[in-house]
1. Answer yes or no: is there a residue in the stretch 69-76 that is in contact with a helix residue (DSSP H, G or I) (Cβ under 9 Å, 6 or more places away or on another chain) and over 25 Å from residue 133 (Cβ atoms).
2. Look at residue 91 and say whether it is under 15 Å from the mean Cα position of the chain (by Cα) and surrounded by fewer than 17 Cβ atoms within 10 Å (Cβ to Cβ).
3. Quick check: is even one residue across the stretch 93-105 over 21 Å from residue 59 (Cα atoms) and touching a residue at least 12 places away in the same chain (Cβ under 8 Å)?
4. If a residue has to be within 26 Å of residue 154 (Cα to Cα) and surrounded by fewer than 17 Cβ atoms within 10 Å (Cβ to Cβ) to count, how many in the stretch 102-124 make the cut?
5. What is the residue count in the stretch 120-136 for residues that are over 15 Å from residue 50 (Cβ atoms) and either in contact (Cβ under 8 Å) with a residue 24 or more places away in the chain or under 22 Å from the mean Cα position of the chain (by Cα) (or both)?
6. From the list 99, 34, which residue is surrounded by 12 or more Cβ atoms within 10 Å (Cβ to Cβ) and modelled with pLDDT under 95?
7. Please verify whether residue 130 is assigned by TED's automatic domain parsing to the domain that holds residue 38, within 16 Å of residue 40 (Cβ to Cβ) and touching a strand residue (DSSP E or B) at 6+ places or on another chain (Cβ under 8 Å), treating the condition exactly as stated.
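The values are calculated or read from the model by the stated rules, or taken from the named source; none is laboratory data. Remember, it's a predicted structure, so these values are computed and weren't measured experimentally. Cβ atoms come from the backbone with ideal geometry, glycine included; neighbour counts cover every protein chain shown.
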């Protein structure tokens, strides 16, 4: 009976060591912290997104979004009340059409909040005025609360998720 108990204890210990060792590279790689420089870079990529969207510059707009490493799932999503876009190609295809009309994306810079989730992932919130619609119809700005997720990539900080929420006019 004691031999069986010892074998179970040893097996449990070996399993625990193997599982712990499997997680070492992930923890060892995360030796950096989210800094004020990271906070500024996240803000900068968001403001580049806003400028590119308002200018209808699809190349610059596409450049602010994360690209999936080879063999990895595409991290880019946009989830809004009327639609959902899963993946960078779908998002860019949508905005190629959107940019044929009126589209202005004007965040209130003073309202931008950036909260790190990890050293390589941050959430961003900004009160934003969005004006959109066909060219032949008068457009009016509408208030939105924009929530985004930024990720650190080999190319720097990039946007991975956008969730615009319609807000009440103030």
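1. The answer is yes, given that some residue of the stretch 69-76 is in contact with a helix residue (DSSP H, G or I) (Cβ under 9 Å, 6 or more places away or on another chain) and over 25 Å from residue 133 (Cβ atoms).
2. no
3. Taking every residue of the stretch 93-105 in turn, none turns out to be over 21 Å from residue 59 (Cα atoms) and touching a residue at least 12 places away in the same chain (Cβ under 8 Å).
4. Of the residues in that region, 9 qualify.
5. Matching residues across the stretch 120-136 total 7.
6. When all the criteria are applied, what remains is 99.
7. In short, no.
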